1. If the requirement is being open to solvent by 30 Å² or more (accessible area, probe 1.4 Å), at the interface with another protein chain (Cβ under 10 Å from one of its Cβ atoms) and modelled with pLDDT under 95, which of these qualifies: B:ARG69, B:ARG85?
2. So, in the stretch B:9-27, how many residues would count as being more than 16 Å from ligand 2 (Cβ to nearest atom), among the β-branched types (Val, Ile, Thr) and open to solvent by 20 Å² or more (accessible area, probe 1.4 Å)?
3. Here's a check for you: in the stretch B:141-162, which residue that is surrounded by fewer than 17 Cβ atoms within 10 Å (Cβ to Cβ) and part of a loop (DSSP other than H, G, I, E, B) is nearest to the other protein chains (Cβ to nearest Cβ)?
4. Considering the stretch B:163-203 alone, what residues qualify as being of a type in the set (Gly, Ala, Ser) and either surrounded by fewer than 23 Cβ atoms within 10 Å (Cβ to Cβ) or free of Cβ contacts under 8 Å to residues at least 40 places away in the same chain (or both)?
5. If you go through the stretch B:115-139, how many residues are facing another protein chain (nearest Cβ under 10 Å) and open to solvent by 50 Å² or more (accessible area, probe 1.4 Å)?
6. Of the residues A:ALA85, A:ALA31, which single one is in contact with a Phe, Trp or Tyr (Cβ under 6 Å, 6 or more places away or on another chain) and either modelled with pLDDT of 90 or more or not assigned by TED's automatic domain parsing to the domain that holds A:ILE133 (or both)?
7. Select from the stretch B:122-140 the residues that are more than 24 Å from A:LYS14 (Cα to Cα) and part of a helix (DSSP H, G or I) and list them in ascending order.
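The values are calculated or read from the model by the stated rules, or taken from the named source; none is laboratory data. Quick caveat, the model's predicted, so the values are computed rather than measured. We place every Cβ from the backbone using ideal geometry, glycine too, and count neighbours over all the protein chains shown. The accessibility values were calculated without ligands, DNA or RNA, using every heavy atom of the protein model including side chains. Shrake-Rupley method; radii C 1.70, N 1.55, O 1.52, S 1.80 Å.
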Amino acid sequence: MFTWFTISLRNIVKNGRRSLVTVLAIALGYAAINLFQGYVHSTYEGLTTAAIKGEGLGHLTIFKKGYLEQGKLHPERYQFTRDEAELIIQVVRKQPDVQLVTPRLSVSGIISNGRNSTIFIAQGLVPRDDREIRGDIRKITTFDGRYLADNERSGVVIGAELAAMLDLTVGSDAVVLSNTYTGMANALDAKVIGIFDTGASATNDKMVLMTFRHAQDLVDYTGAERLVVLLRNGKNGNASAEAAARLGALLAAEGFDVEIRTWKDLSVFYSQVKNMFDMIFLFIFIIVLVIVVMSVVNTMSMSVMERTREIGTLRALGLKRRSVKSLFATEGALLGLLGSGAGCMLFFAVYGAIAAAQPTYIPPGSSSPVPLRVDLVWPALARSIAFMSLLSLLAAFVPARRSARMTVVDALGHI
Amino acid sequence: MNILEFHEVTKDYRLGETTVSALRGVDLAVGEGEFIAVLGASGSGKSTLLNLAGAIDDPTTGEVRIRDRDAAGLTDNEKAELRSRSIGFIFQNFNLLSVLTALENVMLSLQIRGSRTAIARQEAAQRLDEVGLADYLHHRPDKLSGGQRQRVAIARALVTRPSLILADEPTANLDHVTAQSIIDLMKELNEKEGVTFLFSTHDQRLISEVKRVVRIDDGRIAQ
Ligand SMILES: Nc1ncnc2c1ncn2[C@@H]1O[C@H](COP(=O)(O)OP(=O)(O)O)[C@@H](O)[C@H]1O
Ligand SMILES: [Mg+2]
């Protein structure tokens, strides 16, 4: 085995220039894939935080079974009654990995400044709990005024564009109108105490944050629409699915008919960005794949052609077809290995340069520049080495098969 | 028992529409320890004969028996096995691997058989010493003269202790003096170690000392 390895390596060195081109192609491909993966990784981390904290989704959301399909049509049937909500909260709160569980109630309707009105979507939430989930919202986004206090009564925090549309400022008085679940029109006072940028134009002109009690009063309902769970140590969001399954089983055993969704399921932004990145990755990946395969096939075809007589000689000496194939496959794999080795160095060079220069850029949907970051994802780096080597090996098999198929006499040449 | 037997062997090559008959009914027997020269003009069928003898080609009709086995009946892998165990090849163009040293080239024959590296190295060095290249073990082929390269090739053929060494015009690319020294070396190995040689040449001058000469003319053996 070692001999074949030596022969392969020496031939690679012997055809220095040609090998170098292939190795560089593989290296570039390797670096491109891993830099992008590192970038995506860092972005996902930001997105995860944005979804769990910024969007206030927490890690898990507990719904009554059927809510996601029918909840808007029959809110009373598919929401938790006050008793149900309290019992579930008791069960969930006892779990050691649960940091917090809090009820929410969303409401929609019309908001008016006295002369003009427009539609709104409101989150009724428990201010203290929400602060624990989001952290200080005033640090995350542009915020004017103050956030909901624990004992807030009619105070509301509204989206910046909504405020602009109705010419509302901090301190303005407004009225929110909605239908109760029994179908009666209801209006309540709403005092604007804070104005914030929701970060998404889809919600910035509709969003209202009010207290859970305020929302309950508006629709005249004492229950909760959903229960949001924040996990301890759920930092990177990976524990969520497992916790969801566990809590689901637990609640089912207690006789509650619930559905649990993770932040990933609920965050529209996360899945959109993820889908986009996945597409881009696939695109880069296919390009790299094609380049690597083509250059390895090309290089190895030339090698096979130049070494036809050598192949004939080896076979005359008793080397089996299979071994001839693996000789060239070894060479291909070696190219892949050298290429990913060089790619690793290239990756770290760029990684170091980015770390040193700390460039920034403005991502779409954002108003301020963010640092361009690339994470070190060791498993991905290692996986790519294995992948590139395997890919080169497979690519080398095409010409290698051709080498083995020749008859010995043909390979030796017509002397 | 004969190491090699040809029974009414013919070999045709198909070249498009036409068929070239390279061998037209050859009978030949090679006994253990023989030293045989196949003499013939260019195109007379020497290479074809040696290829068949080495199980790297199959006859069109007739039978080639190597160590009492019908070569045509063997699978590809069995033929490879047979070559590795029983046959040594020496080529006109030496056919050494350019990226390997003299020692590694000789070791290769043994490693193809699966011998351990240490053993292969020791045997290869010994064989190179025998062919007068003790000082050139670590030279690559491009640092060796033609005669030296062919000596490496002889050592490579010899190192597996084959029953039969086939050499197709081993001296065609060498000057006369070197060519003669190669033939002499083969003869010496034949006499000292009993290695059986079957080699071809078109050069009359080289075979004055050879006891058995098989003359081949237009695919037929002319005794
Ligand atoms: N692969 C081949 N295809 C077609 N014709 C061939 C082939 N090999 C040999 N021949 C023909 O067969 C005859 C014998 O060739 P060869 O055995 O090479 O003779 P020698 O080695 O004595 O020069 C020649 O006429 C040659 O042209
Ligand atoms: Mg010939």
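1. Matching residue, one of B:ARG69, B:ARG85: B:ARG85.
2. First, the residues of the stretch B:9-27 that are more than 16 Å from ligand 2 (Cβ to nearest atom): B:9-10, B:12, B:14-19, B:24-25, B:27.
The next check asks that each one be among the β-branched types (Val, Ile, Thr); those that pass are B:9-10, B:18-19.
Narrowing further to those that are open to solvent by 20 Å² or more (accessible area, probe 1.4 Å): B:10, B:18-19.
The number of residues fulfilling the criteria is 3.
3. B:ARG161
4. B:SER163, B:ALA172, B:ALA179, B:SER181, B:GLY194
5. 1
6. Exactly one of A:ALA85, A:ALA31 is in contact with a Phe, Trp or Tyr (Cβ under 6 Å, 6 or more places away or on another chain) and either modelled with pLDDT of 90 or more or not assigned by TED's automatic domain parsing to the domain that holds A:ILE133 (or both), namely A:ALA31.
7. B:GLN122, B:GLU123, B:ALA124, B:ALA125, B:GLN126, B:ARG127, B:LEU128, B:ASP129, B:GLU130, B:ALA134, B:ASP135
Here's the yes/no breakdown for (1) closer than 25 Å to B:SER44 by Cα; (2) away from ligand 2 (no atom under 16 Å from the Cβ):
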{"residue": "B:ARG83", "(1), (2)": "yes, yes"}
{"residue": "B:ILE90", "(1), (2)": "yes, no"}
{"residue": "B:LYS143", "(1), (2)": "no, yes"}
{"residue": "B:LEU164", "(1), (2)": "yes, yes"}
{"residue": "B:LYS187", "(1), (2)": "yes, yes"}
{"residue": "B:GLY194", "(1), (2)": "no, yes"}
